[in-house]
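Okay, so here's the structure we're looking at.
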Amino acid sequence: MAAAGPQDRSPAGEPPEREAPRDKPSDEAPPSDEVRRKAIHQPIDKSAKGFYGDKGMVDEFLRKHVFGRIVADVELAKLQKGPTEYVDSKSRTVRHADMVWKAPFRDSWLYVVFLFEAQSTVDWRMPVRILLETALVYAELAKDPEVRKRRKLPPVLPIVVYLGAKPWDAPTRLKEMLTDEAKAFLPFALGHEFLLVSEAEEAKGLTRADTPRTAGLRLRYARDRAEFDEALATLRELLPEDSPARRALVEWVRSSMIEEGA
């Protein structure tokens, strides 16, 4: 029987303040050359969560980076979002994960934990950061009645999506961070490792944009006006207007326009 996933929780609190309405360019308005230049060199991409909050984008991502490389029998047709808020039962502290998806895998579920790294410098502490996010998911799963009955945890795949331009040169495994003295205790150390995907490096290898995700990558990492315009036209053709990925990318272009006064 498949292990049930942790339940979503809605944090309590006051409703957010409404910002005064302001005019925004239409998503069909072509960006200026200056906006294109700024957009393609923008180090922090705030659209990442919207981009990977789209089921179709995550499906395409997993087919490229997980299927055949790690496993081949995940039921992506039943892919669904998992919770990103976890409440400590003792302290009632609410902790957050960037993005969690889950899909049926054999007789259980595969949980995929995404962490988005958008800093201009590579964070050497990443194995610790993703370990903490993965531990949040495991701690919540351990509360599930079906998991407790089986006394077995389902698989959790930690993925770091790196959005920076600088090549990644930090560890991807916790044991690579240990001092020589600590290596004497390797048998007792966590062998935690994450799957690293650099969007900039992936975008460099693209020669065409014929799927929603490849078009999104070419848009976000376009090297010139022609590439930007081609990717934008492809996205308009392939993505429904109400898709989370399209809304996120449109908002990304709009914010660039507003920042530049376009």
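The values are calculated or read from the model by the stated rules, or taken from the named source; none is laboratory data. Everything numeric in this text was worked out from a predicted model, so none of it was measured. Cβ sites come from the backbone with ideal geometry, for glycine too, and all protein chains shown count toward neighbours.
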* Unmet criterion (only one of (1) without any contact (Cβ under 8 Å) to a residue 24 or more places away in the chain; (2) within 22 Å of Gln119 (Cα to Cα); (3) in contact with a Ser or Thr (Cβ under 7 Å, 6 or more places away or on another chain)) for Ala248 -> (1)
* **Options Trp124, Trp101, Trp168; residue that is assigned to a strand (DSSP E or B), aromatic (Phe, Trp, Tyr) and at pLDDT 85 or above** => Trp101
* Structure fact -> Of the candidates Ala142, Ala103, the one satisfying the condition of being surrounded by 12 or more Cβ atoms within 10 Å (Cβ to Cβ) and under 23 Å from Val197 (Cβ atoms) is Ala103
* To do: Go through segment 64-78 and give me each residue that's at pLDDT 85 or above and surrounded by 14 or more Cβ atoms within 10 Å (Cβ to Cβ).
  => Lys64, His65, Val66, Val74, Leu76
* Of all residues in segment 203-225 being closer than 29 Å to Glu176 by Cβ and surrounded by fewer than 18 Cβ atoms within 10 Å (Cβ to Cβ), the one that is modelled with the highest pLDDT -> Lys204
* To do: Report whether or not Gly191 is assigned to a loop (DSSP other than H, G, I, E, B) and buried (at least 18 other Cβ atoms within 10 Å of the Cβ).
  => no
* Starting from segment 168-189, keep only residues that are in contact (Cβ under 8 Å) with a residue 12 or more places away in the chain, then list their pairs with residues that are exposed (fewer than 10 other Cβ atoms within 10 Å of the Cβ) and assigned to a loop (DSSP other than H, G, I, E, B) whose Cβ atoms are within a distance under 7 Å, requiring at least 6 positions of separation or different chains. => Lys175/Gly191
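Yes or no, residue by residue, for (1) within 11 Å of the chain's Cα centre (by Cα); (2) aromatic (Phe, Trp, Tyr); (3) at pLDDT 85 or above:
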position: Lys55; (1), (2), (3): no, no, yes
position: Asp59; (1), (2), (3): no, no, yes
position: Gln80; (1), (2), (3): no, no, yes
position: Ser89; (1), (2), (3): no, no, no
position: Arg92; (1), (2), (3): no, no, no
position: His96; (1), (2), (3): no, no, no
position: Trp109; (1), (2), (3): no, yes, yes
position: Phe114; (1), (2), (3): yes, yes, yes
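Look through Glu146, Glu140, Glu133 and report the one residue that is under 24 Å from Met177 (Cβ atoms) and part of a helix (DSSP H, G or I).
Glu133
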* Asked: Of (1) touching a strand residue (DSSP E or B) at 6+ places or on another chain (Cβ under 6 Å); (2) under 23 Å from Asp59 (Cβ atoms); (3) surrounded by fewer than 20 Cβ atoms within 10 Å (Cβ to Cβ), Ala118 satisfies all except one. Which?
  -> (1)
